[in-house]
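Data block below; observations after.
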Amino acid sequence: APDEVSAGTLGPSLTGYGRRRGTSPEVVEQTYRKIYNAQAYFPCSSMPRFGHNAWLTPRQIADAVAFLLDPESPVNR
């Protein structure tokens, strides 16, 4: 729904992302790597390679991962 905090127009809804996946170190690392270079996981992905292309800093990617996985984040409520 457009009023979701995690609504987008290109990919799936991110609502409940952390709730569904958990917060293990493996999930944190995999989520970081997918944001860093989504095409390494999904070669035909429309998602930009944020870290690989230096569009986001490592800190910004870590912040996005925290937002997606934090149980208190609006994404997971």
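The values are calculated or read from the model by the stated rules, or taken from the named source; none is laboratory data. This is a predicted model, so every value here is computed, not measured. Heads up, the Cβs are rebuilt from the backbone with ideal geometry, glycines too, and the neighbour counts pull from every protein chain shown. The area values use the complete protein model at the heavy-atom level, side chains included, leaving out ligands, DNA and RNA. Shrake-Rupley method; radii C 1.70, N 1.55, O 1.52, S 1.80 Å.
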Q) Inside the range 17-43, can you point out the residues that are open to solvent by 80 Å² or more (accessible area, probe 1.4 Å), part of a loop (DSSP other than H, G, I, E, B) and either touching a Ser or Thr at 6+ places or on another chain (Cβ under 8 Å) or polar (S, T, N, Q) (or both)? A) T23
Q. Among the residues of the range 27-65, which ones are charged (D, E, K, R) and more than 18 Å from N76 (Cβ to Cβ)?
A. E29, R33, R49, R59
Q. With respect to the numbered conditions (1) loosely packed, with under 11 Cβ neighbours inside 10 Å; (2) modelled with pLDDT of 95 or more; (3) closer than 17 Å to L14 by Cα, which one is the sole condition not fulfilled by S46?
A. (2)
**Q.** Which listed residue is assigned to a loop (DSSP other than H, G, I, E, B), small (G, A, S) and buried (at least 17 other Cβ atoms within 10 Å of the Cβ), from G51, G11
**A.** G51
Q) If R59 passes every condition in (1) assigned to a helix (DSSP H, G or I); (2) in contact with a Phe, Trp or Tyr (Cβ under 7 Å, 6 or more places away or on another chain); (3) open to solvent by 90 Å² or more (accessible area, probe 1.4 Å) but one, which one does it miss? A) (2)
